[in-house]
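Novice: Dropping the structure in here first, questions after.
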Amino acid sequence: MAYSEALVETMRADLGVEPGLSEKKMFGGLCFLLHGNMVCGVTKDGAMYRPGKEREARALEAGAEPLSFTGRPMGGMVEVDAGAFEDATLRATLTELSLANAASLPPK
């Protein structure tokens with residue numbers, strides 16, 4: 001499954017230089033991890049973020065949708081399509097929530 005390199009570059013810029021940040025091909029796309037915990041990633045149709053269950057409602061209020069690869073929502077994970085990904089304010093909010101979630105988890 002192909003994903004957009006332009007979206008990847010935008011996501012890299014959003015994340016900045018964070019100690020412990022790495023990239024891994026997952027879910028048919030490219031994911032970014034903080035100390036081994038998923039933060040966000042680019043998929044074929046847009047992007048996904050992992051704000052965690054505690055921050056999920058805030059991510060949804062900001063404009064994200066529940067992530068549902070299988071047709072059922074995956075708790076603690078949200079997604080945006082390519083159009084919504086263009087909203088820098090939305091991306092900043094989702095990135096901040098997802099980095100906070102990953103930082104709260106023990107390193108893998």
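The values are calculated or read from the model by the stated rules, or taken from the named source; none is laboratory data. None of the values given here were measured: they were computed from a predicted structure. FYI the Cβ positions are ideal-geometry reconstructions off the backbone, even for glycines, and counts take in every protein chain you see. Side chains included, ligands, DNA and RNA excluded: accessible areas come from the protein's heavy atoms. Shrake-Rupley method; radii C 1.70, N 1.55, O 1.52, S 1.80 Å.
Novice: Over what distance in Å are the Cα centres of region 5-37 and region 50-108 separated?
Specialist: 14
Novice: Between beta-carbons, use under 13 Å as the cut-off and find the net charge around residue 10, counting Lys and Arg +1, Asp and Glu -1.
Specialist: Value of the local net charge: -3.
Novice: Report, to the nearest whole %, how much of the accessible area of the chain belongs to carbon and sulfur atoms, 1.4 Å probe, protein only. Spell out each step's value before the answer.
Specialist: Working: 3110 of 5870 Å².
Here it works out to 53 percent.
Novice: Out of these labelled values of Cα extents along the principal axes in Å, [x] 30, 29, 27; [y] 90, 30, 22; [z] 44, 27, 26, which was calculated from the coordinates shown here?
Specialist: This structure yields the entry labelled [x].
Novice: I would also like to ask the following. With every protein chain present, what accessible area does residue 12 have (1.4 Å probe, heavy atoms only), rounded to the nearest 10 Å²?
Specialist: Surface open to solvent at residue 12 totals about 80 Å².
Novice: Turning to a different aspect of this structure: Please state the relative contact order of the chain as a whole percent: Cα pairs under 8 Å, 6+ residues apart?
Specialist: Relative contact order, the chain: 27 percent.
Novice: Sticking with this structure for a sec: Whole number in Å², please: accessible area per residue of region 1-60, 1.4 Å probe, ligands, DNA and RNA not counted.
Specialist: Working: 3090 Å² over 60 residues.
Per residue, region 1-60 has 51 Å² of solvent-accessible surface.
Novice: A follow-up question, please. Please give the contour-minus-distance gain from residue 60 to residue 88: 0.36 nm per residue of separation, less the Cα-Cα distance, rounded to one decimal in nm.
Specialist: Gain on extension, residue 60 to residue 88, equals 8.5 nm.
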